[in-house]
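Worksheet: one structure, shown below.
The values are calculated or read from the model by the stated rules, or taken from the named source; none is laboratory data. Treat the numbers as computed from the prediction; the structure is a model and nothing was measured. Glycine also receives a Cβ, built like all others from the backbone with ideal geometry; neighbour counts cover every protein chain displayed.
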Amino acid sequence: MRALHVAVVGGGISGLVAAHRLRCLLGGRARVTVLEQTSRLGGKLRTGEVGGLAYDVGAEAFLHRRPEAAELVAEVGLAGRLVHPTGVPATIRAGGRVRPVPAHTMLGVPASVEAVRQVLSADGLRRVAGEPALPPIELAGADVAVGPLLRERFGPEVGDRLVGPLLGGVYAGRPDALGLRATMPQLATALDSGVGSLLAAAATTMPAPPQPHGRKPPVFGTLAGGLSVLVARLAELSGAEVRLGQPVRGLARREQGWRLEIGSASAPAHLDVDGVVLAVPAPAARKLLAEAVPGASKGFAEVEVASMAVVALALPPGTELPERSGVLLAEGERYADGTPFTAKAFTFSSRKWAHLAGGPVLVRGSVGRHGEVEALQRDDEDLVAAVRADLAELTGVTAAPLDVVVTRWGGGLPQYGVGHLDVVRGIEDAVAEAPGLAVAGATLHGVGVPACIATGDAAAARVAAHVLGRVRDAG
C-alpha cells in the first residue's frame, strides 16, 4: 500500500505545527511536504543577527498564560531555553507624558478608577467613575466596534490613551475598526451574561491576586537564541520535505484528494496529495480557495490586513536606556516642537530580557498601523533616521547604532473587524464540506503564537482523521 502524502501550504508557525502534528498522527511512513513561497521558514517568527546577537525581528514573545506555546516548547525539548521578562515596567506615552501601563485593565479597559488615575485627566476619571450609572449595555448577541463603544461609555481618553496603543501593538489596528468579540472576547462574554457596565465587565476578567508572598506567574515567554529555534526544531521533527521558493498557484479537488499547482505561471508543476493544510495569510487563502471552496474564499476576502516594519538597533555597550521594558505611543503623539512621532512602539530589549543584556544595547522600534502607508513608503535610511529621532525625543539617547536591521512585514497582520467571529465561522463551515482540507493561521482565532499553534494542531487533526479514515474504509 502506498504511503499517505499530505501537504502543508505555508511555512509559518501555524504550518510548521501542522506538519509536526501530522507526523505524530500519521507516523513515520507518511510523506509530509511543506511548501513555502519565500526563501525561509518561520513566517512572522524571524530571528536575525543584530550587533552579533540573535535577535527576533518579528514576533518577540508569546503569551505564557495561554498554554499552547509553553507546552509545545516543552514537547519538542526546548524547555531549557524558555525565558521570561525581567519585570521592569512597560509604559505608554499619551497626552504628552510617559506613564506605566496600568495593571488593573483589560487591554486598557479599566476595571477600576484607581487603575487609570495616573493616565487620565480629571474629566476622564469622572467619566470612568460614572460609567456604571449609564444605561446597561445590551449587545443582544451582536458585535460592535471597540472605539465607538469606549467613547460612548468613557469619553475619548480611555480609547486614545490606553486601548488604542495596546490594540495597536497587537493588531497594528485602530479601535474604531476592530470588533469587540474577536479582540476582547472576555469582555463580550461578561456583557452577554448581563453585566451591563464596561467597568464591571473588565473587573470580571481580572485574574485572582497572587497569594501573600506568592510568586506572580509570568505573562510572557520567549526562547534564548530567538524564536527561530522553535521553527528549526519543528521542521526537523516533522521530517517534512521542505520546498522553499515554491508558490502554490492553484488548489483543486481530485476524486481521491487534492492537486496543487506549484511554481511559475509559465511552467507550473503539479503535486497530488491526500490532504492539505492551508496556513497562509488571508489574501493568499482567498485566491487559492476561489474555485475549490468559494464560500471560504469569500470569507477570507472580508479580512483586511495591515503592514508594519521593525527597525532593530544595536547601540554601543553601556548606552543608558530608561528602566522600563519599552513604550507604546498613542496615536497623534508629538514631539515638544509639534513633530509627529513615526514609531508606534519601542521595545528596550536589553532591559526587558536578561539574556540580551551585557553586550550591545538592543532596541526595536515598530512602525505602521492599519491604513497608515506614508511612513512605510520611506526607504530604509529615512525610516531608520525617523525612528532614531523618535528614540532621542523619548529617551534622550542619541548614540549612533553599531548595527541596524530593517524588517518589513507587508500585509501580514489580519484585522479583526466587527463580525470577525461570524466570518471565521463561515470560513470553517465551508472548509468542513471539503474532505481532506483544513485551514490554519493568524486570520482565524488570534494573532499570537499560542493561537496560531492551536489552529495548526486543529487543522492537522482534521486532515489526519480524514486520510486515516479513508485508509480504513479502503481496507
> For segment 328-375, how many residues are within 19 Å of the chain's Cα centre (by Cα) and over 18 Å from residue 395 (Cα atoms)?
Replying inline: 5
>> Only one of 43, 77, 11, 51 is in contact (Cβ under 8 Å) with a residue 12 or more places away in the chain and out of contact with any Gly (no Cβ under 9 Å at 6 or more places or on another chain). Can you tell me which?
In response: 77
>> Against the definition (in contact with a strand residue (DSSP E or B) (Cβ under 8 Å, 6 or more places away or on another chain) and part of a helix (DSSP H, G or I)), how does residue 390 come out, yes or no?
In response: yes
> Among 80, 87, which is the only one that is surrounded by fewer than 14 Cβ atoms within 10 Å (Cβ to Cβ) and in a helix (DSSP H, G or I)?
Replying inline: 80
> Residue check, residue 69 against (1) at pLDDT 95 or above; (2) within 21 Å of residue 394 (Cβ to Cβ), all met but one. Which one?
Replying inline: (2)
> If you check residue 133 against the conditions, is it without any contact (Cβ under 8 Å) to a residue 24 or more places away in the chain and under 30 Å from residue 371 (Cα atoms)?
Replying inline: no
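Conditions (1) outside the structural domain of residue 387 (by TED's automatic domain parsing); (2) touching a Lys or Arg at 6+ places or on another chain (Cβ under 9 Å), marked per residue:
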| site | (1), (2) |
| --- | --- |
| 258 | yes, no |
| 267 | yes, no |
| 270 | yes, yes |
| 281 | yes, no |
| 320 | no, no |
| 337 | no, no |
>> Pairs please, first residue from segment 102-117 and among the aliphatic types (A, V, I, L, M) and assigned to a loop (DSSP other than H, G, I, E, B), second anywhere and surrounded by fewer than 22 Cβ atoms within 10 Å (Cβ to Cβ) and modelled with pLDDT under 90, Cβ atoms under 7 Å, 6+ apart in sequence or on different chains.
In response: 111/104; 111/206
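Just to be sure before I move on: is residue 127 within 26 Å of the chain's Cα centre (by Cα), of a type in the set (D, E, K, R) and surrounded by 14 or more Cβ atoms within 10 Å (Cβ to Cβ) in the structure I sent?
no
Any idea which of 379, 403 is out of contact with any Ser or Thr (no Cβ under 9 Å at 6 or more places or on another chain), free of Cβ contacts under 8 Å to residues at least 12 places away in the same chain and either of a type in the set (Val, Ile, Thr) or assigned by TED's automatic domain parsing to the domain that holds residue 74 (or both)?
Just a single option satisfies the conditions, and that option is 379.
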> Looking at segment 129-142, is at least one residue touching a Leu at 6+ places or on another chain (Cβ under 6 Å), assigned to a helix (DSSP H, G or I) and not charged (D, E, K, R)?
Replying inline: yes
> Any idea which residue in segment 379-431 is nearest to residue 363 (Cα to Cα), counting only those that are within 23 Å of the chain's Cα centre (by Cα) and charged (D, E, K, R)?
Replying inline: 408
> Taking segment 90-99 as the search range and keeping residues that are touching a residue at least 40 places away in the same chain (Cβ under 8 Å) and in a strand (DSSP E or B), which one is nearest to residue 232 (Cα to Cα)?
Replying inline: 90
> Among all residue pairs at least 6 apart or on different chains, which show Cβ distances below 6 Å where the first residue, located in segment 447-468, is touching a residue at least 24 places away in the same chain (Cβ under 8 Å) and the second is among the aromatic types (Phe, Trp, Tyr) and surrounded by 23 or more Cβ atoms within 10 Å (Cβ to Cβ)?
Replying inline: 449/62; 450/62
> Only one of (1) touching a residue at least 24 places away in the same chain (Cβ under 8 Å); (2) in contact with a His (Cβ under 8 Å, 6 or more places away or on another chain) is not met by residue 259, so which one is it?
Replying inline: (1)
> Which one of these is buried (at least 17 other Cβ atoms within 10 Å of the Cβ), over 18 Å from residue 68 (Cα atoms), in the same structural domain as residue 236 (by TED's automatic domain parsing) and of a type in the set (Gly, Ala, Ser): 10, 27?
Replying inline: 10
> So, of the residues in segment 379-417 that are in contact with a helix residue (DSSP H, G or I) (Cβ under 8 Å, 6 or more places away or on another chain), at pLDDT 95 or above and within 30 Å of residue 178 (Cα to Cα), which turns out to be surrounded by the most Cβ atoms within 10 Å (Cβ to Cβ)?
Replying inline: 416
